[in-house]
Every structure is written in C-alpha cells, then in structure tokens.
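The values are calculated or read from the model by the stated rules, or taken from the named source; none is laboratory data. Not measured: the values here are computed from a predicted model. Glycine gets a Cβ as well: all are built from the backbone with ideal geometry, and neighbour counts include every protein chain shown.
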Amino acid sequence: MKKSIFFMALIIIILLISSGCHYKWYYALNITCNPAEGGIVNETGDKNPENGKYAKHSNVILEAIPNSGWSFLNWEGNLTGDENPTTVQIEDDTNITANFGRNEYTLTASVTGEGTVTMNPSKEKYEYEETVELAALPATGWEFVGWTGYITSDSSVVQIDILGNTNVTAIFEKIEYYLSVETTGAGMVSISPDGPYYYNDVVQLTALASPGWEFDEWTGDLSGNDPSEEIIMNEDKNITANFEVEKYTLTIGVIGGGEVQIDPEKDEYEYGEYVELTPEASAGWEFSGWSGDQSGDTYPIIIKMNKDKDITATFEEIPVI
C-alpha cells in the first residue's frame with residue numbers, strides 16, 4: 001500500500017515536470033522611512049501586480065531619496081549598511097527601514113565696528129529649518145545700523161530659518177555727537193579740535209572776551225568760571241559762554257578851593273561809557289589843571305571809561321592886587 005502511494009506521487013511529479021508547470025513562491029517587501037518626513041524609497045523590480053509581492057530570489061533595487069534638508073543615513077532590518085542605491089534579494093518576507101537624519105549647518109555671525117551678536121539658541125550646528133534669534137548689541141558709543149549677508153535688515157533683533165551654512169554680519173558705526181557752543185555778551189569761544197565728535201573725544205574750550213568785556217561763567221552742559229575747560233563727548237552737548245561788560249571806578253580828587261561836577265555820577269561805569277568833568281572854582285580861586293589819569297587845563301572835559309581812573313583837579317588862589 002505504501003509503495004503504491006509513493007509511486008503515485010512520483011508519477012504526479014514527473015507529469016508536472018514534463019508538462020512545464022512550475023509553482024512560484026511570493027514574499028512581501030515592507031519598506032519604512034524613519035522618520036516619515038525624512039524622505040522616500042523607490043523600488044525597482046518585478047512585483048506581482050496581483051498580490052504586490054516579489055517572487056523568491058527576485059532582485060530589487062532600492063534607492064533612498066531624502067527630502068530637502070535631510071540626508072540618508074543607513075538601512076536597518078533585513079538590510080544593513082549605507083550603500084545607496086543598493087540591491088536586495090528576496091528570500092522571505094522582508095522588512096527594511098531607511099533611516100534619514102536632518103542636515104546640520106553652521107551659523108557664523110561677524111561684526112563690523114564694535115559690538116556683539118547673541119544667538120538664541122546658541123549651538124555649534126543647527127538642524128535644517130531651525131529658527132534662530134539674532135540680537136545685535138552695540139558697544140558703548142556705537143550704534144547698530146543693519147545686517148548684511150544671509151539677511152538684510154535694520155532691526156537689531158531678527159529671526160532666521162537655517163536652510164544651509166549661514167553667514168551674517170552685524171554692522172556697527174560710531175555715534176556722532178553734536179557740540180553747540182553759544183555766547184552771551186561780547187566774546188567768542190575757541191574750540192579744539194573741530195568736529196565731528198565721537199564717544200570719549202576730548203574737546204578744549206577757551207572763552208575769549210572782547211575788549212572791555214570779561215568772561216563770567218559757563219552754563220548748559222558745562223559749569224564753572226574757568227575760561228579754559230576740557231569736555232568729554234559722551235552725548236550731544238549745548239554750552240553757553242557768558243561774558244559781562246567790565247566796570248570801572250572813577251575817583252576825583254581836588255587840590256585847592258573848588259569842586260568838580262561829574263555827569264553822570266555813578267559808583268561804577270561800564271566799558272566805553274563817557275563822563276563829563278567840569279571844575280568849579282570857589283571864590284578867590286581859579287582852575288589851574290588836571291593831573292593823574294588826565295592832563296591839561298582845558299575844561300570841561302569828556303573822558304572815556306576804559307579802566308579805573310584817578311583824576312585830580314588843582315585850583316590856585318587868585319593873587320590879591
């Protein structure tokens with residue numbers, strides 16, 4: 001009985017072989033992308049259109065294609081290594097994972113002038129499409145004027161998305177400070193050096209009074225009464241040099257019998273003011289002349305006040321005949 005079954009099976013096999021009929025085994029090829037947004041995998045091979053599987057011993061070409069900003073890393077599962085594209089032979093149900101990684105790029109921030117740039121976050125490398133905040137911080141006496149390179153903007157704080165190796169430059173310029181010097185009265189101010197002026201520049205101011213005037217004091221962003229001062233430019237400055245007209249005294253002396261009429265008669269006289277002096281002799285006396293800061297014997301006289309003056313009027317007694 002057993003021999004009969006064996007011979008029957010053998011006959012069936014021989015008939016199948018002789019008739020050219022062959023049975024094929026089909027297996028699934030499962031491809032996973034990790035992560036899914038990293039890219040895709042293209043399969044090239046004879047896939048059975050009815051069941052979507054590959055026949056045993058089939059060769060399938062796999063090509064991992066990363067999306068923008070990603071790179072293919074390696075294969076895992078029933079296929080290992082990082083060859084791409086590569087070929088896999090189907091011998092059984094096959095599970096393969098294509099691993100992708102985000103590209104990493106450098107961000108280089110340079111400065112022109114004096115200042116610094118902060119990056120948040122601050123790292124050696126940044127992933128594709130990572131957002132970074134840049135802040136330009138000027139040094140004292142400098143001001144931020146704009147970005148060049150990957151971004152152009154005059155805002156000191158900006159955000160950028162990293163799409164590749166990135167270079168930015170923050171431009172800083174010295175702050176120019178303005179110096180305004182005015183005067184009251186008659187005089188001028190010598191300024192050395194001339195502008196423009198920048199942070200910590202030293203400027204020498206010298207007040208020079210006109211004839212008959214004298215320097216009184218500084219007001220505004222400078223105080224004191226020293227006519228020569230140094231200022232340090234650390235902001236815009238408005239300064240006034242105040243001059244006052246000089247004032248003088250007039251002292252009149254009398255020798256002999258008489259007096260002097262003074263018009264006008266004041267305790268002090270301003271520079272350039274005119275005063276009339278008229279001698280008036282007492283009875284039996286006559287005016288004989290001036291001495292001190294005035295000479296001669298003419299009268300009345302008009303004098304110009306340009307200094308303190310001391311003048312004496314001399315009267316002589318008239319001889320009795």
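Results for (1) assigned to a strand (DSSP E or B); (2) closer than 28 Å to PRO196 by Cβ; (3) within 12 Å of the chain's Cα centre (by Cα); (4) in contact (Cβ under 8 Å) with a residue 12 or more places away in the chain, shown as yes or no for each residue.
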position: LEU134; (1), (2), (3), (4): yes, no, no, yes
position: LEU137; (1), (2), (3), (4): yes, yes, yes, yes
position: PHE144; (1), (2), (3), (4): yes, yes, yes, yes
position: ILE151; (1), (2), (3), (4): no, no, no, yes
position: ILE160; (1), (2), (3), (4): yes, no, no, yes
position: GLY164; (1), (2), (3), (4): no, no, no, yes
position: PHE172; (1), (2), (3), (4): yes, yes, yes, yes
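Just one of GLU133, GLU143 is charged (D, E, K, R), surrounded by 14 or more Cβ atoms within 10 Å (Cβ to Cβ) and either modelled with pLDDT of 95 or more or within 30 Å of TYR177 (Cα to Cα) (or both); which is it?
Checking each option against the conditions leaves just GLU143.
Please specify each residue of segment 87-96 satisfying the condition of being surrounded by 12 or more Cβ atoms within 10 Å (Cβ to Cβ) and in contact with a Phe, Trp or Tyr (Cβ under 7 Å, 6 or more places away or on another chain).
ILE90, ASP93, THR94, ILE96
Scan segment 54-74 residue by residue and report those that are part of a strand (DSSP E or B) and within 16 Å of ALA36 (Cβ to Cβ).
Those that are part of a strand (DSSP E or B) and within 16 Å of ALA36 (Cβ to Cβ): ALA64, ILE65, PRO66, TRP70, SER71, PHE72, LEU73.
Counting only residues that are assigned to a strand (DSSP E or B) and acidic (Asp, Glu), which one in segment 234-272 is farthest from GLU214 (Cα to Cα)?
Going through the qualifying residues, I end up with GLU259.
Take segment 273-289 and flag every residue that is touching an Asp or Glu at 6+ places or on another chain (Cβ under 9 Å), within 18 Å of ILE262 (Cβ to Cβ) and assigned to a strand (DSSP E or B).
Once the filter is applied, which keeps residues that are touching an Asp or Glu at 6+ places or on another chain (Cβ under 9 Å), within 18 Å of ILE262 (Cβ to Cβ) and assigned to a strand (DSSP E or B), segment 273-289 yields VAL275, GLU276, LEU277, THR278, PRO279, GLU280, ALA281, PHE287, GLY289.
Against the condition among the charged types (D, E, K, R), in the same structural domain as ILE151 (by TED's automatic domain parsing) and surrounded by 12 or more Cβ atoms within 10 Å (Cβ to Cβ), how does LYS123 come out, does it pass?
Judged against the criteria, LYS123 is a match.
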